[in-house]
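The values are calculated or read from the model by the stated rules, or taken from the named source; none is laboratory data. Since we're looking at a predicted model, the values are computed, not measured. Cβ: placed from backbone, ideal geometry, glycine included. Neighbour counts: every protein chain shown. These accessible areas exclude ligands, DNA and RNA; they are computed on the full protein's heavy atoms, side chains included. Shrake-Rupley method; radii C 1.70, N 1.55, O 1.52, S 1.80 Å.
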Amino acid sequence: MADTTLMTIPGQVDPVPVARDITPRADGRIDLIGLPRPRIRELFAEAGLDERQAKLRAKQVFHWLYHRGVTDFEAMTDISKTMRPWLAERFVIGRPNIVEAQHSSDGTRKWLLQTDDGHDFEMVFIPDADRGTLCVSSQVGCTLNCTFCHTGTMRLVRNLTPGEIVGQVMLARDALGEWPKGVMDGLDEAEDVGHYTADGRLLTNIVMMGMGEPLYNFDHVRDALNLVMDGDGLALSKRRITLSTSGVVPAMERCGEEIGVNLAVSLHAVTKDVRDEIVPLNKKYGIEELLQACADYPGASNARRITFEYVMLKDKNDSDEDARELVRLLRKFDLPAKVNLIPFNPWPGANYECSTPERIKAFSNIVFEGGISAPVRTPRGRDIDAACGQLKTAAQKKSRAERDREAAAAALASED
Ligand code: SF4
């Protein structure tokens with residue numbers, strides 16, 4: 001199967017091919033998660049429903065899938081009892097499989113997930129006082145080999161499908177117990193009437209900042225985020241979604257126009273030499289070209305600033321001079337910018353150390369004095385495998401039997 005074959009790495013800077021949109025299961029059933037409503041309607045019609053029925057059922061099923069989060073056709077109470085097995089014979093409601101779940105003492109939760117064809121990837125939930133952010137992966141592995149990033153040491157296996165991307169958000173809502181139990185709009189046969197309000201949600205924000213470069217899997221990321229933003233779907237505002245790129249310049253304008261979410265850029269250095277080393281994509285799209293693409297990003301404004309991620313690496317990119325150059329560059333392009341300073345989280349085999357707290361503070365002060373917000377991000381989840389990619393590597397060292405046992409134990413624990 002094309003999507004289970006290891007993809008060849010076409011070089012550090014080339015986009016990778018996009019996998020097909022529908023992946024039937026081994027038993028021939030089609031996973032509905034990740035498909036837009038018109039496609040679900042088409043599939044229902046192809047399976048034998050007349051046009052009117054296909055349209056109605058697609059509307060009902062879509063609502064159950066994305067608004068109510070059900071994972072079993074039997075729970076779709078406004079669909080006739082004879083229709084439900086008909087659906088279950090032909091379709092499935094997928095979720096990524098959970099290999100391992102970790103819960104940090106600071107509330108951070110991290111999951112090692114697995115695709116239906118056996119590839120591991122990660123998802124992290126970071127709760128704060130006034131928000132809860134889910135960090136979502138777009139690829140299994142990554143082609144870009146950023147030298148400070150643990151995922152960059154892994155081979156790219158394949159792009160995640162729209163269903164596997166939106167499936168992460170759905171799985172997080174499952175785990176957080178966040179699906180509403182209210183009456184379905186426009187459908188009057190729902191039985192389990194309860195109270196639902198969008199306020200008080202735990203999962204309020206999404207960042208496409210997990211494993212992979214999202215703009216190298218553009219179509220699937222766009223399709224998944226459209227489901228996340230769909231008012232009849234997961235209904236999360238685009239203002240609460242941020243896509244982080246390491247600087248795939250040709251896709252940035254498209255991202256603003258076709259997805260319209262907030263943009264974050266992994267800048268991490270302000271000189272060609274250093275950025276060429278730590279973000280090798282810089283050899284193809286240099287700093288000035290990248291910042292010009294940021295200045296041209298559709299929808300960026302002072303109300304919707306572009307975030308620049310900057311990992312603090314000791315004696316590499318953390319001098320006063322670097323901080324002043326950062327201010328100069330952001331001003332030169334007149335960018336509505338904020339800078340996130342990220343203390344480096346070392347992983348075994350990493351070639352870098354984290355800058356000292358004093359150095360990070362001094363760097364931050366210079367950027368603030370330059371009129372640009374530059375908070376230091378508090379490291380989260382350090383008592384679990386914290387840096388992106390660590391959980392996957394740790395899991396690879398365990399035997400399959402160990403992992404199966406742990407997954408079973410995690411499932412049992414979650415039943416309490
Ligand atoms: S930082 Fe992002 S783009 Fe760079 S190697 Fe890691 S996952 Fe890939």
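Summary table below
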item: Three-way shape label, segment 97-401, alpha-carbon gyration tensor, a/c 1.5; result: prolate
item: Peptides 112-125, 346-359 ordered by average Cβ neighbours within 10 Å, highest first; result: 112-125, 346-359
item: ³J(HN,Hα) computed for each position of segment 88-99 - Karplus, 6.51 cos²θ - 1.76 cosθ + 1.60, integer Hz, glycine/proline x; result: 5, 5, 10, 9, 10, 10, x, 9, x, 7, 8, 8
item: Hz values of 3J(HN,Hα) by residue in segment 152-164 - Karplus curve (6.51, -1.76, 1.60), Gly and Pro given as x; result: x, 7, 9, 6, 6, 8, 6, 6, 7, 7, x, x, 6
item: Placed amide H near V99: partners under 5 Å, 5+ positions off or other chain; result: L112, L113, Q114
item: Percent accessible area from carbon and sulfur atoms, segment 97-401, protein chains only, probe 1.4 Å; result: 47
item: Charge sum, other residues only, whose C-beta stays under 12 Å from K55's C-beta, Lys/Arg counted +1 and Asp/Glu -1; result: +2
item: Residues with amide H under 5 Å from that of F91, placed H, sequence gap 5 or more; result: I30
item: Under Karplus coefficients 6.51, -1.76 and 1.60, residue-wise ³J(HN,Hα) of segment 300-314 in Hz, glycine/proline x; result: 6, 7, 5, 7, 10, 6, 7, 8, 10, 7, 9, 7, 8, 10, 4
item: Highest-first arrangement of 136-145, 75-84, 53-62, where packing means the average Cβ count within 10 Å; result: 136-145, 53-62, 75-84
item: Potential extension, E74-S105 segment - 0.36 nm per residue separation minus Cα distance; result: 7.4 nm
item: Fraction of accessible area attributable to carbon and sulfur, segment 34-92 (%, probe 1.4 Å); result: 51
item: Square roots of five times the Cα gyration tensor eigenvalues for segment 34-92, Å; result: 16, 13, 10
item: Alpha-carbon centroid distance for the pair segment 63-82 / segment 231-246, whole angstrom; result: 25
item: Placed amide H near V311: partners under 5 Å, 5+ positions off or other chain; result: H268, I342
item: For segment 97-151 versus segment 32-48, the gap between their alpha-carbon centres in whole angstrom; result: 29
